[in-house]
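Asks: Before we start, here is the structure in question, set down as structure tokens.
Where a number appears in this text, it was derived from the coordinates with a stated rule and is not lab data. Just so we're clear, the structure is a prediction, and the values are computed from it rather than from any experiment. Here the Cβ is made from the backbone with ideal geometry for all residues, glycine too, and neighbour counts use every protein chain on show.
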Amino acid sequence: MLAHPRGRAEGFWNPAKRLLLEPGLVERAEGAALKIGAVQKHSGNPLFGEDKPWEVRFDNLYANVMFDEQERIFKCWYNPFLHYQKHEMVPRDRRATTDYASVPQREPEMGVCYATSHDGLAWEKPELGLVEYNGSMRNNILLRNRPAPSLWRPHGSGVWKDLRDADPARRYKIFFSRPGNSMCVAFSADGVHWGEPIACPEIASRGDCHNNTFWAPSLERYVGITRNFDNRERTRLVARTESPDFLHWTRAEEVLRHAPSEPLRQTYTMIAFPYADAYLGLLMLLNRGDRIDRSDPHNDTVDCELAWSRDTVRWERILPGSPLIPRGALGAVDSGCIYAAAYPVAHNGELRLYYGGNNGKHTDWRDGFLNLARLRPDGFAGMEAPAAGWLFTRPMAWEGAALRISADAPGGSVVAKILEGERVAGESLPATGTLHDAAVAWRKPVRKAAAGRPVRLRFELHAATLYSFSLG
């Protein structure tokens with residue numbers, strides 16, 4: 001059984017594990033229903049805000065956070081606007097009385113900044129001395145616009161450390177859009193000093209979102225998530241591209257858009273990553289469509305929900321309308337918009353969901369911050385039985401006798417049964433407490449199922465929530 005990963009998204013891959021949120025996995029249930037996971041926002045939020053002269057507007061932040069196991073530090077690459085005309089023209093103390101739409105705006109400049117932390121809570125913005133800003137090199141800017149022929153005009157940059165790449169010069173990878181031009185990639189040995197970008201015009205996407213990439217183990221391909229736009233419906237679309245080598249990509253094709261029943265909720269951007277035996281998406285939804293209603297506190301805000309895919313091509317939303325990271329109360333640092341970071345970080349027995357939060361609407365004055373929400377391992381969504389309930393899985397192959405579960409049953413229990421047809425081939429003792437990848441104990445030895453013969457699992461839940469199980 002794979003140990004619980006630390007620090008990087010591809011480490012979450014475990015083909016033996018099934019998440020209960022998987023559409024169609026539960027064949028029947030009574031007294032139990034799927035419920036979105038409950039995050040705990042860090043009491044010390046925000047972790048940092050716009051406290052440097054070059055952090056003119058965090059906007060959506062588009063943070064990329066990892067725990068580097070080799071260096072034993074947390075690293076964050078984030079995307080502030082270094083120049084944003086509206087914010088530069090109107091001081092903070094005048095914004096409450098100034099109509100945002102009335103202030104002119106030329107094309108802003110987005111850069112990439114870098115921060116580090118020993119615990120993932122207290123962050124340092126080191127003076128790197130790499131990039132000039134207003135006559136000074138004393139800043140934590142890694143990348144900003146450079147004059148031609150350089151391709152550096154980084155927007156919506158996704159950054160990650162690729163430990164499977166044998167070339168140390170390609171260990172860190174960045175995927176970004178050049179406004180009005182093309183998508184680009186670049187490489188770095190240390191995540192700080194970057195080679196020149198390589199244009200990937202074949203992707204042909206709009207890309208004005210948090211572009212992000214990952215290695216898809218089941219496909220043995222790199223997958224990139226970006227944005228297209230439907231001009232006829234005037235709506236944003238989640239788009240996908242893939243590559244065998246991170247250099248040659250397919251054309252970005254639509255993989256997700258708003259539901260017909262929700263015409264005023266646009267799929268703004270999505271952070272996707274391998275998890276268990278499939279792929280999860282942290283999907284940001286803009287509550288607006290093509291109009292803005294200032295009187296509606298929900299309108300022109302951004303929510304973070306959950307999506308699932310078997311192959312990174314066909315995506316299904318999980319419990320639409322139920323946010324995984326809910327917006328805060330009016331006036332909170334994350335009351336207006338939520339933008340999940342790439343990617344979740346497993347650390348000290350918990351999942352850390354870093355995110356950019358704003359205290360205002362998407363198209364208005366707003367301050368931006370890096371925040372943290374905590375989630376139990378595998379806890380994105382689970383089958384919950386407040387009292388007594390049960391569920392049957394669909395048939396699946398199983399040739400072993402080991403079963404592990406992740407569940408919350410501090411005052412209840414989970415009992416598992418193995419069914420071959422109508423015959424109960426095994427029954428577990430009640431499992432209690434907070435469990436992660438915990439092996440169930442059988443009442444008597446379980447006979448292995450015949451090779452290739454499907455079994456079904458019956459889980460009996462008593463005041464418990466079941467998140468995942470692993471067969472082996």
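Asks: Fewest first, what order do Met89, Met183 take by the number of other Cβ atoms within 10 Å? It would help to have the intermediate numbers written out before the result.
Replies: Numbers: Met89 12, Met183 26.
Going from sparsest to densest Cβ surroundings: Met89, Met183.
Asks: For segment 40-375, what is the number of Lys pairs with C-alpha distance below 23 angstrom, counting only pairs 8 or more positions apart or on separate chains?
Replies: Lysine pairs meeting both conditions in segment 40-375 amount to 14.
Asks: For Asp296 and Arg443, what is the calculated FRET efficiency with R₀ set at 56 Å and r taken between the beta-carbons, to the nearest 0.05?
Replies: On the way: r = 56 Å, r/R0 = 1.01.
Plugging the Cβ-Cβ distance into 1/(1 + (r/R0)^6) gives 0.50.
Asks: Right, here's the next one. Show me the GluC sites (Glu not before Pro) within segment 97-150 that DSSP assigns to loop and that have at most 12 other Cβ atoms within 10 Å of their Cβ. Could the numbers behind the result be given before it?
Replies: Working: sites: Glu109, Glu124, Glu127, Glu132; in loops: Glu127, Glu132.
Listed in order of number, the matching sites are Glu127, Glu132.
Asks: Let me ask something else about it. Could you work out how far the C-alpha centroid of segment 154-170 sits from that of segment 20-36, in angstrom?
Replies: Spelled out, the Cα-based centre of one part sits 37 Å from the other.
Asks: Return the loop-located GluC sites (Glu not before Pro) in segment 180-248 (DSSP other than H, G, I, E, B) with at most 15 other Cβ atoms within 10 Å of their own Cβ; answer none if there are none.
Replies: Working: sites: Glu202, Glu220, Glu233, Glu242; in loops: Glu220, Glu233.
Sparse-neighbourhood loop GluC sites (Glu not before Pro): Glu220, Glu233.
Asks: Can you tell me the FRET efficiency between Asp51 and Ala101 if r is taken as the Cβ-Cβ distance and R0 is 30 Å, rounded to the nearest 0.05?
Replies: On the way: r = 27 Å, r/R0 = 0.90.
According to the calculation, E is roughly 0.65.
Asks: Can you tell me the relative contact order of the chain? Whole percent, Cα pairs under 8 Å, sequence separation 6 or more. Can you show the working numbers first?
Replies: Working: 1309 pairs, mean separation 83.1, N = 472.
Dividing the mean separation by the residue count of the chain yields 18 percent.
Asks: Mind giving me the nanometre distance, one decimal, between the label points for Ala189 and Arg94, set 7 Å out from Cα along Cα→Cβ?
Replies: Label at Ala189, label at Arg94, 4.9 nm between them.
Asks: Under 11 Å from a point placed 7 Å out from the Cα of Leu163 along the Cα-to-Cβ direction: which residues of segment 51-94 have their backbone N that close?
Replies: 67-72
Asks: Which residue, chosen from Thr267, Phe48, Leu306, occupies the Cα position most advanced towards the positive end of the dipole of segment 40-375, where the dipole is computed from +1 (Lys, Arg) and -1 (Asp, Glu) charges on Cβ about the Cα centre?
Replies: Toward the positive end, the furthest listed residue is Thr267.
Asks: Of the listed values [x] 46; [y] 57; [z] 53, grab the one calculated as percent of Cα pairs over 28 Å apart from the structure here.
Replies: Evaluating percent of Cα pairs over 28 Å apart on these atoms matches [z].
Asks: Given only helices, namely DSSP H runs of n ≥ 4 each adding -39500 (n - 2.57), what is the per-residue ellipticity at 222 nm of the chain, to the nearest 500 deg cm²/dmol? Please report the intermediate quantities before stating the final value.
Replies: Values: 1 runs with 5 residues, N = 472.
After summing the helix terms and dividing by the residues of the chain, the value is 0 deg cm²/dmol.
Asks: Are there GluC sites (Glu not before Pro) in segment 365-464 that DSSP marks as loop and that have at most 13 other Cβ atoms within 10 Å, and which are they?
Replies: Details: sites: Glu384, Glu399, Glu420, Glu422, Glu427, Glu460; in loops: Glu399, Glu422.
For GluC sites (Glu not before Pro) across segment 365-464 that sit outside H, G, I, E and B with at most 13 neighbouring Cβ atoms in 10 Å, the list reads Glu399, Glu422.
Asks: With r defined as the distance between the Cβ atoms of Leu128 and Arg234 and R0 fixed at 35 Å, what FRET efficiency is calculated, to the nearest 0.05? It would help to have the intermediate numbers written out before the result.
Replies: Values: r = 40 Å, r/R0 = 1.15.
Computed FRET efficiency for Leu128 and Arg234 comes out at 0.30.
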